[in-house]
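For reference, the structure discussed in these notes is given below.
The values are calculated or read from the model by the stated rules, or taken from the named source; none is laboratory data. Note that this is a predicted model, so its numbers are computed, not measured. Cβ placement follows ideal geometry from the backbone for every residue including glycine, while neighbour counts extend to all protein chains displayed. All accessible areas refer to the heavy atoms of the entire protein, side chains included, with ligands and DNA or RNA removed. Shrake-Rupley method; radii C 1.70, N 1.55, O 1.52, S 1.80 Å.
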Amino acid sequence: MKAFLAQFVQLWRQLGLNQRVSIVVALVGVIGGMAALVFWSHRPHLQLLYGRLGEKDVAEVLSAVQAAGVAYEMGTSGTSIYVPADAVHKLRIQLATKGVPSGEGVGFEVFDRANFGISDFVQRTNFVRALQGELSRTIAQLQGVRSARVLIVQPENRLLFSDLKAKPTASVFIEGSISVESVNAIRFLVANAVESLRADDVAVVDNRGNVLTDGLNEDSQVGTASSQIKLRKSVEDYFARKVETMLSKVLGAGTAVVRVSAELDTESTTRTEEKYDPDGQVLRSEVTTDESTVTNEVDGAKNGATGASANTPAPPGNDPTAKGTGKNSEQVQKNKTINYEINKVTMNAVRAPGTVARITAAVFVAARAQPRTPAELDALRKVVVNALGIKAADEKELAKIVTLEEVAFDGAPAPKTGAMDFVRNNPDILKHGFAVIVALGLVFVFMRMLKKTKPDEIPIEILDQSQFAGVEGSNGGGITVEKLNEMIRQKPENIGAALRGWMVTGGKN
């Protein structure tokens, strides 16, 4: 260590003033940069506590955070609050016990306090308010939605009269930009939360005045020209994106352009069909009836008839006292009734509008350095045909339905964003990585400056001894004062270097 210090001191003494100043400035810059990086990297990592808060909620959260003595920072929009990452969950639990933040509107906490003596109308109104508030909070949690409000209209329940045509409806106002799938999710979310509410009776409007549910209802899906155009556009975009993403995976990103044209059947039909199968008989019921009638011989003399026949005079030539005789008769009758059930099939088929009647596609692929052969283009065309689900009779018809050409594209393919997404999702890696890179850069610059810094080169020349041939000291030889003065006048740099070396070695040499 002492030898190293001695060498450093010797090197330092050999440097000029400008070189010393440069090294000191570079050293101070490196030390300051390292200290700043260490301070910055050891700062507490802030994490979002709550975002997209209202003014009232921001004030309540800030008051609670300040009371807890936790450092915080406000977002640029003024609606978000950041605190150290190790205190986020603890603060959220503490704030939740206090009911902070309350969120947009009033939720079911309106029933936390018991209110006696209120009317049924006020109770039903509070229920609707609570339901609207809970739905607003839930919808605001969707990605792309900054805030939301829900308005529900329910028909009044009357004891003696009820309007059968009255039905509940709902309107949803959102601030933000969401997809069609999110709009449908909001509709079904609200419809399932309100009794007897249908998804088609929920309207969603954004803050720009656009009706997001226009054309999504089943009753009016293809009722207007604009709805038909939207439906066709969505179908064409779906098929084009399906084929383009597939080709991009195989040929490379940005090397394929696909456009699809689809003809849709916009008619809605309902078909009812009944089929009877006489061979498929099933015994339903069987009834058997047996009837038997028996008549015995009757003696007219002994047994007089009664009733009207007894008062009727006998016909001439007949003796009323004569004996009447009869024969026994028996009559048996059997009836059998069998009922069969004939097999019957009833089918109701409803064909909704939107069926794809015909589809065509145009595909462009980027040209390569070596053009593709017709066989390769035909193979790509068959892949596109299979992806679209097209059925054709021959190759000529396929070539008409799907056109595929190889052309030169202008512009480079879009860069991949996988690494950027990873860095965006992991900010700590970017932070510490940047600190390490800057530190290594400063050390590299300092080492290069140190290598470039060299001591002043003083030329050492051997003086011509013939000039001092006649000069000798009092002892008959060596360097005299006159000779030394002459040497200083000729080469002052050599004498200065010799003196510095003599002072470093302590005059031993």
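The table below lists the values:
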item	result
Principal axis dimensions, the stretch 55-174 - Cα atoms, whole angstrom, descending	62, 37, 20
Ratio Rg/Rh [Cα only; Rh per Kirkwood] for the stretch 7-104	1.41
Nonlocal amide H pairs with Val106, under 5 Å, H built at 1.01 Å	Gly133
Accessible surface, per residue, of the stretch 1-53 when the full set of protein chains is kept, probe 1.4 Å, Å²	75
Order by protection proxy (mean Cβ within 10 Å, highest first), peptides 110-118, 376-384	376-384, 110-118
Cut-off 12 Å between beta-carbons: net charge of the residues surrounding Phe239, Lys and Arg +1, Asp and Glu -1	+2
Under 16 Å from the Val250 label point (7 Å along Cα→beta-carbon), backbone N, the stretch 383-397	383-390
Rough spin-label spacing in nm, given labels placed 7 Å along Cα→Cβ, for Lys391 and Gln14	9.2
For Gln47, residues with placed amide H under 5 Å, excluding near neighbours	Val83, Ala85
Label-point separation in nm, Glu330 to Glu405, each point 7 Å along Cα→Cβ	10.4
Average accessible surface area per residue within the stretch 59-122, 1.4 Å rolling probe, Å²	66
Computed E for Phe108/Met34 - FRET, C-beta separation, R0 56 angstrom, nearest 0.05	0.50
